[in-house]
Amino acid sequence: DAGITQSPRHKVTETGTPVTLRCHQTENHRYMYWYRQDPGHGLRLIHYSYGVKDTDKGEVSDGYSVSRSKTEDFLLTLESATSSQTSVYFCAISALGHPNTEAFFGQGTRLTVV
Amino acid sequence: GIQVEQSPPDLILQEGANSTLRCNFSDSVNNLQWFHQNPWGQLINLFYIPSGTKQNGRLSATTVATERYSLLYISSSQTTDSGVYFCALPLYGNKLVFGAGTILRVKS
């Protein structure tokens, strides 16, 4: 199994509070991604990183920010959580950004905003 | 952007039956991945298949890139095959675009 650890695995938070989710990898892969999974939508890309301090937006980036200060860690922050951000969040890694590269996923974080 | 459609959306099988899941996509692609999400939510890589056919035990996958579809075959299904099956296509930067998934329930 790819060495990807997400923390926390479950979190309940109140509307308006900041939340940070962490993705830690031991594979030394350059590319890291955050996706969210909602019923009927499959997974959708929030943000991704193509190197330390290099990040870009995905399809559903509004309300989220990310940071990557070292290769192994990719943080996703909800500055002020809303109920629409209740979802399951997955981190993924990829050795390269080329499409001919397999991506691997962490175990997910279930976030509930009440 | 690229569109990915999976069918059927739901499938119920009796244990031991065979099934075929389909993934259609709107643009030419360099690659395609199939995933199984088990009932505990974990995403498991099944196949990484730009074209042709691959087999892994009771599962096999075929991608016909020129006709923009991929098929996932499950033979002699088992209850442990239950879950959601996703296909996903990579864009630039290996950003994946997912289909909505096929929910499979295998009954004993």
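Each value in this text was obtained by applying a stated rule to the coordinates, not by laboratory testing. This structure is a prediction, so every number in the text was calculated from the model and none was measured. Neighbour counts run over all protein chains shown; Cβ positions are idealised from the backbone, glycine included.
I need A:TRP34, B:TRP40 ordered by Cβ neighbour count within 10 Å, fewest first.
Ascending Cβ contact count within 10 Å gives the list B:TRP40, A:TRP34.
What is the average number of partner chain Cβ atoms found within 10 Å of a Cβ in B:85-95?
Across B:85-95, the average partner-chain Cβ count within 10 Å equals 6.
Work out the FRET efficiency for A:SER67 and B:SER75 from their Cβ-Cβ distance, taking R0 = 45 Å, and round it to the nearest 0.05. Provide the component values of the computation, followed by the final result.
On the way: r = 46 Å, r/R0 = 1.01.
FRET efficiency, A:SER67 to B:SER75: 0.50.
Within region A:46-73, list the residues whose amide N lies under 17 Å from a label point set 7 Å along Cα→Cβ of B:ASN30.
From region A:46-73, the list is A:49-51.
Highest mean first, what order results for B:18-27, A:39-48 on Cβ atoms within 10 Å? It would help to have the intermediate numbers written out before the result.
On the way: B:18-27: 16.5, A:39-48: 19.3.
The most tightly packed comes first, giving A:39-48, B:18-27.
Residue by residue through B:35-43, how many Cβ atoms from other chains fall within 10 Å of the Cβ on average? Provide the component values of the computation, followed by the final result.
Numbers: counts 4, 0, 7, 0, 0, 2, 7, 6, 11.
Counting other chains' Cβ atoms within 10 Å and averaging over B:35-43 gives 4.
For A:ASP38 and A:VAL114, calculate 0.36 nm times their separation in residues minus their Cα-Cα distance, and state this gained length in nm to one decimal. If you can, show how the numbers build up before the last one.
Working: separation 76, 0.36 × 76 = 27.36 nm, distance 1.66 nm.
Using 0.36 nm per residue and subtracting the Cα-Cα distance, I get 25.7 nm.
Taking the Cα centre of each part, how many Å lie between region B:71-91 and region A:1-39?
Here the answer is 24 Å between Cα centres.
Compute the FRET efficiency between B:ARG22 and A:ALA95 as 1/(1 + (r/R0)^6), taking r as their Cβ-Cβ distance and R0 = 35 Å, and round to the nearest 0.05. Don't skip to the end; give the middle numbers.
On the way: r = 29 Å, r/R0 = 0.83.
In this case the efficiency is close to 0.75.
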